[in-house]
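The values are calculated or read from the model by the stated rules, or taken from the named source; none is laboratory data. In this text the structure is predicted, and so the values were computed from the model without any measurement. In this analysis, Cβ positions are derived from the backbone assuming ideal geometry, glycine residues included, and neighbour counts consider all displayed protein chains.
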Amino acid sequence: MKLSFLLGLCAFIWAYTGFSQGSYKPYFRYPLDSAVHLVSPFGSLRDNHFHSGIDLKTQEREGLPVYAAANGYISRIKVASNGYGRAIYIDHPNGFTTVYGHLQCYKGPIAQWILNHQYRIQSYNFDTVFKHPFIWVNKGDTIGLSGNSGGSTGPHLHYEIRETKTEEIWNPGLFGTFPNDSLKPKLYQLWAYSFLPDGNSPVLKIRVDESKLTKIPGDNFHVPEILVSPDTLKLPEDLYGFGLLAFDFIHKPRDEKGLYEYGLIHRGKKKFGFKLNRFAFSESKFINQHIDYPWYKLNGQRIQKLFRDDNNPFSGIETDKSKGKLFIKEGMLDSVQVFVGDVNDNYSYYQFYLQGLPANPKPREDYLFSKKDLPIWLPNSKNHFSIPGLKLESHSGTFYDTLYLNVETQARPKNALGPCFKVHESTTAIHKTYSIAIQADAGLPFPDKAICLARVGKNNGLSYAGGTYKKGWVEGSQGSFGTFTVFYDTLAPSGKMLSYTRDSLPVFRWRIDDNFSGIGGYKVFLNGRWLAADFDAKNDLLIYAADHIYAEEKQAAQLGLQKNKPRWKLELSDNRGNTSVYEWETDW
């Protein structure tokens with residue numbers, strides 16, 4: 001009994017301690033045959049989320065074998081037109097789950113089960129979680145081929161390691177799935193921010209030119225040298241936070257990758273630290289509070305903050321009591337150090353001098369005066385707003401900061417069915433959706449299902465924004481601010497059969513498209529029999545690779561049991577319920 005307890009304790013310690021590169025290396029193998037090559041590392045900054053895994057290079061092509069990283073059983077299969085596309089999940093005895101996304105196809109026993117399941121439910125897309133061990137795999141078994149399915153923008157393998165019980169995503173670099181490198185991350189810009197009731201405002205930016213930095217000795221082996229900037233940050237007396245633009249380099253110089261770790265040191269103590277070891281999916285959207293969101297929306301650069309904003313509980317952040325913020329007094333001469341590091345313990349340290357100037361309260365006073373007539377929405381309260389033709393509502397946690405809500409009536413775009421409103425600023429980050437309702441014109445000659453919300457873009461272009469028509473109003477939820485109006489969609493999707501191969505197992509393709517609300521559903525039939533056809537949403541293609549249904553129908557024709565040519569039927573619907581049907585005949 002004592003022996004079993006000790007063995008269990010050792011296993012627990014082995015599985016849950018240690019955060020250095022390669023801590024778990026003996027357990028998981030690399031899921032490809034090639035050397036470790038990252039297209040995108042763990043936690044890279046993406047739109048509305050941190051990257052929940054690593055993207056592995058597949059030589060810019062599809063069809064490479066993908067291997068089970070360790071013994072385990074298939075616990076989930078998901079096939080979708082977006083997201084991870086064709087994905088497979090494997091639970092392992094050590095308490096972790098590995099995920100493989102954007103596959104071209106599945107291999108092994110699971111492939112046949114998937115095809116049978118698709119025909120059983122008559123849907124190509126599905127998401128099935130197995131409550132009990134289903135199909136067991138061994139480390140190194142081929143579970144699929146690499147591809148470009150789902151929301152992928154190019155051929156690669158998306159790979160994750162999750163804690164099975166909590167579904168927290170862990171950095172695969174901690175398990176050895178990370179290339180060794182000696183390239184240090186680099187800092188390119190340092191920003192200073194002051195604080196307002198509705199967020200933070202950049203007041204100063206320093207570009208870091210390493211050729212102009214002075215090297216001084218560090219204080220230990222971990223910090224062998226510090227790069228000192230010749231520029232002094234001269235700031236009026238106030239409370240400040242800092243931000244940085246920096247990148248890691250893994251495979252070669254100038255190949256910019258996301259950061260693993262960085263922080264701010266003041267007078268020998270760490271004021272702020274950020275490290276990407278693991279995080280929960282529920283935390284991922286806090287990226288919008290973690291970066292300078294307005295600057296990103298306007299300029300495309302993601303400046304990462306060296307302070308913790310209120311309403312940002314992301315677990316990868318640790319700070320002192322000041323949340324990483326620093327009060328600079330008039331006449332103060334001081335300095336701060338910024339460090340950036342990677343999983344391989346390559347670190348760069350930078351030092352910047354600070355000088356306090358006389359306080360200048362007028363810009364803040366002017367800013368607050370400009371907002372005095374606007375309604376205030378609080379981030380941790382339920383909020384309402386209405387004017388003729390528009391109703392808005394939000395719940396606690398929708399926003400990160402206090403909001404001075406700005407709503408403007410705009411000129412109607414052509415063919416709009418209701419008034420047009422600019423709702424606040426598109427540069428303001430939102431954590432949860434808010435509700436919007438716009439009053440539609442009376443007596444519209446359209447069915448209720450056709451009437452919807454539309455987002456107004458550049459040159460008054462309209463894009464579908466969902467919503468439901470009810471008693472003269474169109475109500476919906478939105479995840480970002482912008483300009484909205486009422487529009488309609490009465491046109492059904494279009495479909496066109498493209499060329500197809502005529503070998504023993506041909507592949508058939510259809511171009512399908514919708515003018516506004518987007519494809520909502522599709523069905524393909526051969527001689528009245530439903531077919532498992534895949535929708536490649538990013539290319540507007542519907543693809544059917546001939547399977548046993550096609551083979552059976554062809555054999556029936558060859559035996560004289562089926563005298564007509566193969567008859568194809570395509571049924572399409574959009575997200576407003578408009579439907580269309582197309583039929584073709586081909587040769588076998």
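Quick notes on this structure:
- Here residue 416 fulfils each of the conditions (1) over 22 Å from residue 469 (Cα atoms); (2) modelled with pLDDT of 95 or more apart from (1).
- Residue identified as touching a strand residue (DSSP E or B) at 6+ places or on another chain (Cβ under 9 Å) and touching a residue at least 24 places away in the same chain (Cβ under 8 Å) among 269, 285: 285
- Qualifying residue in region 159-174 (condition: modelled with pLDDT of 95 or more, under 30 Å from residue 349 (Cα atoms) and in contact with a helix residue (DSSP H, G or I) (Cβ under 8 Å, 6 or more places away or on another chain)): yes
- In region 384-466, counting only strands (runs of 3 or more DSSP E) that sit wholly within it, none holds 3 or more residues that are of a type in the set (S, T, N, Q).
- Residue 172 fulfils the conditions (1) of a type outside the set (A, V, I, L, M); (2) over 23 Å from residue 275 (Cα atoms); (3) crowded, with 21+ Cβ neighbours inside 10 Å except for a single criterion, (2).
- Tally of residues being at pLDDT 95 or above and farther than 17 Å from residue 390 by Cβ across region 431-443: 2
- Boolean, residue 484 is in contact with a strand residue (DSSP E or B) (Cβ under 9 Å, 6 or more places away or on another chain) and assigned by TED's automatic domain parsing to the domain that holds residue 405: yes
- Residues satisfying the stated conditions in region 539-582, i.e. charged (D, E, K, R) and either assigned by TED's automatic domain parsing to the domain that holds residue 454 or under 32 Å from the mean Cα position of the chain (by Cα) (or both): 540, 571, 574, 576
- Failed condition for residue 563, given (1) basic (Lys, Arg); (2) at pLDDT 95 or above; (3) in contact with a helix residue (DSSP H, G or I) (Cβ under 8 Å, 6 or more places away or on another chain): (2)
- Filter pass, residue 366 being modelled with pLDDT under 95 and out of contact with any helix residue (DSSP H, G or I) (no Cβ under 8 Å at 6 or more places or on another chain): yes
- Just so you know, in region 312-336 the residues that are touching a residue at least 24 places away in the same chain (Cβ under 8 Å) and loosely packed, with under 14 Cβ neighbours inside 10 Å include one that is farthest from the chain's Cα centre (by Cα), and it is 331.
- Residues that are farther than 24 Å from residue 228 by Cα, in contact with a strand residue (DSSP E or B) (Cβ under 6 Å, 6 or more places away or on another chain), small (Gly, Ala, Ser) and at pLDDT 95 or above do not occur anywhere in region 240-262.
- When each of 174, 183, 190 is tested for being of a type in the set (A, V, I, L, M, F, W, C) and more than 30 Å from residue 230 (Cβ to Cβ), the lone residue that passes is 174.
- Checking 432, 458 one by one, the residue that is loosely packed, with under 14 Cβ neighbours inside 10 Å, more than 29 Å from residue 534 (Cα to Cα) and touching a Gly at 6+ places or on another chain (Cβ under 6 Å) is 432 and no other.
- Residue 134 vs. criteria of a type in the set (Phe, Trp, Tyr) and under 20 Å from residue 77 (Cβ atoms): yes
- Filter pass, residue 320 being touching a Lys or Arg at 6+ places or on another chain (Cβ under 8 Å) and either of a type outside the set (S, T, N, Q) or closer than 30 Å to residue 472 by Cβ (or both): yes
- Residues that are surrounded by fewer than 19 Cβ atoms within 10 Å (Cβ to Cβ) and aromatic (Phe, Trp, Tyr) were ranked within region 291-311; the one that is farthest from residue 203 (Cα to Cα) is 296.
- Residues that are surrounded by fewer than 15 Cβ atoms within 10 Å (Cβ to Cβ) and farther than 20 Å from residue 539 by Cα within region 491-527 comprise 502, 503, 504, 505, listed in sequence order.
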